[in-house]
Structure formats: structure tokens, C-alpha cells
């Protein structure tokens, strides 16, 4: 089982602290979604002028970068904002082959109120095709997260109609599809070859808001999701995404990261 951790779990830690914690827990990858105050790592010298040093440090700790996590959103408006997102995709696609990263995560986004469903699909597909062209030139591919208006497998597959799995993939965030009402055993089976990466988390719903918890202490069917992935032969990474950057009351990373590693290995052993 390949394990990774998103830096959303440890927003106050330095790069060295993140690497050390992942290595201590025997985790094999880090999904960078910001370091410290900066959410876009392509603005950090550690991933630009000092990239070689960063990659050497990761290799020494037996760590890879399985997925680069962007803020790119297909339905972003106005047009000037979309142009800025194309530029962001270019920056991450340029970083990907240097870092040995196959995937660039993007969002579908929420439908603009002035467009009907047909127009929304046309916009999203057209823009996704733009991202595919950007990434193909850098030997990586965009993967769309189950999020916003595209949480379930049927919603995602409607968006991806006309695309091949070698062009684009799906990142399954187990929380969003479950909260939308899709049974965990169905999502990976329906996504099939499009399934490329997985975000693992747990939470409880309080007053309409999700509060992150340690794995096994919330309402999400983590075990069932992992078993469903095993049944289809999923061989990618399981990435912890305890969103402490967005939720100050989330578990501390000093607890959530080793607990994730132990919990997931327990599931693997019991299977």
C-alpha cells in the first residue's frame, strides 16, 4: 500500500519538518498543497531555484511527489481569472517532470448561475482540453477531484465524456462523494481506469460543517472505501488530507500523520 500525506495536514510546519515526519512514519510520498503561508509551491524557492536540493532531500528520505495540487478550477470566471489559472497550470506542468510527478490536480468548480447545464458542460470540457494540451507537453496529466458540482462518479463521467484515461484522470476524495450520497463500493468501480489518486480523510458533520477527525473517529466509511479500491486492483497512492490549513480544530499533524500510517497498515493487514 502506497501512502502519502498532503501538506494541508501540517500548514505550520517547515519543509524539513514535513519531510522528517513523513519519513518517521514510513510514508512514501508528499502531496504538496502549500508550505507555511504560501499555498502555491511554484512561488517558493525550494521548488524553483533550489529544486535540486529539495528533490535530493526527498530522495534521501525515500519520498516522492505523487501529485501536484493546484487551485486551477475549470469553471472559474471571469475570463481573466481563467487565464491566470492556465498560467498556474503551466507552472505546475513545468515542475511535474522535474519532480517525477505524473499528476496535476485540478477542480471542476461550481456552475455559473447564468449558464444552463449544457453550457456548463461545454465550458468545462473545453477548458479541460486546454489543460490536457498543457500537461501532455510535459508528460503529466490533469486529474479532476471529486469536488464541487462533480462529486459522484456519474457527475464526473459526464464531464469526462469524450476524453481517454491516458489524457485525464480522477482524484477520488472519499468525503465529497460520500456526503453527496454515493455508496463507497460504487465510486471506484464506476470510475474505472480514470481513477488515478485518492484522498483519505475522516470527519463529522456539525451544524452543516465538516470537522476533520482522526481516521476511524468520524462518519466516513474509510474501511469500505479502501476495501472497494482493493477489489478493483487500485495500485496508486492513498493520500491523507486532514485539512488543518482550513480547519484550526482539526487534529494536530504530530498525531494525525502517524495515526494515518498505522491505521492504513492495519487495514492492509486485516485484508
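The values are calculated or read from the model by the stated rules, or taken from the named source; none is laboratory data. All of these numbers come straight from a predicted model, not from anything done at the bench. With ideal geometry, Cβ positions are generated from the backbone for all residues, glycine too; neighbour counts draw on all protein chains shown.
The residue that is farthest from residue 172 (Cα to Cα), among those in segment 206-223 that are at pLDDT 95 or above and not in a loop (DSSP other than H, G, I, E, B), is 211.
Does residue 169 fit the bill of being at positive phi and modelled with pLDDT of 95 or more? So residue 169 does not fit the description; no. Within segment 121-135, does at least one residue satisfy the condition of being under 22 Å from residue 237 (Cα atoms) and either modelled with pLDDT under 95 or under 20 Å from the mean Cα position of the chain (by Cα) (or both)? Yes, there is a match, as at least one residue in segment 121-135 is under 22 Å from residue 237 (Cα atoms) and either modelled with pLDDT under 95 or under 20 Å from the mean Cα position of the chain (by Cα) (or both). The single condition among (1) closer than 24 Å to residue 170 by Cβ; (2) out of contact with any strand residue (DSSP E or B) (no Cβ under 9 Å at 6 or more places or on another chain); (3) in a loop (DSSP other than H, G, I, E, B) that residue 49 does not meet is (1).
Residues are listed down the side, and each one gets a yes or a no for (1) touching a residue at least 60 places away in the same chain (Cβ under 8 Å); (2) closer than 20 Å to residue 156 by Cβ; (3) touching a helix residue (DSSP H, G or I) at 6+ places or on another chain (Cβ under 6 Å):
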| position | (1), (2), (3) |
| --- | --- |
| 214 | no, no, yes |
| 221 | no, yes, no |
| 225 | no, yes, yes |
| 228 | no, yes, yes |
| 234 | no, yes, no |
| 240 | yes, no, yes |
| 249 | no, no, no |
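Considering the conditions (1) surrounded by 16 or more Cβ atoms within 10 Å (Cβ to Cβ); (2) closer than 30 Å to residue 53 by Cβ, residue 97 is excluded by exactly one of them, (1).
Among the residues of segment 168-181, is any farther than 19 Å from residue 256 by Cβ and free of Cβ contacts under 8 Å to residues at least 12 places away in the same chain? No, segment 168-181 contains no residue that is farther than 19 Å from residue 256 by Cβ and free of Cβ contacts under 8 Å to residues at least 12 places away in the same chain.
Residues in segment 235-271 that are assigned to a loop (DSSP other than H, G, I, E, B), touching a strand residue (DSSP E or B) at 6+ places or on another chain (Cβ under 6 Å) and buried (at least 17 other Cβ atoms within 10 Å of the Cβ): 236, 241, 242, 243, 250. Note on segment 223-237: residues that are under 13 Å from residue 271 (Cβ atoms) and under 17 Å from the mean Cα position of the chain (by Cα) total 4. Across segment 157-206, the qualifying residues are those that are out of contact with any helix residue (DSSP H, G or I) (no Cβ under 8 Å at 6 or more places or on another chain) and crowded, with 24+ Cβ neighbours inside 10 Å, and the one among them that is farthest from residue 105 (Cα to Cα) is 175. Of all the listed residues (132, 144, 120), the sole one being surrounded by fewer than 23 Cβ atoms within 10 Å (Cβ to Cβ) and touching a strand residue (DSSP E or B) at 6+ places or on another chain (Cβ under 8 Å) is 132.
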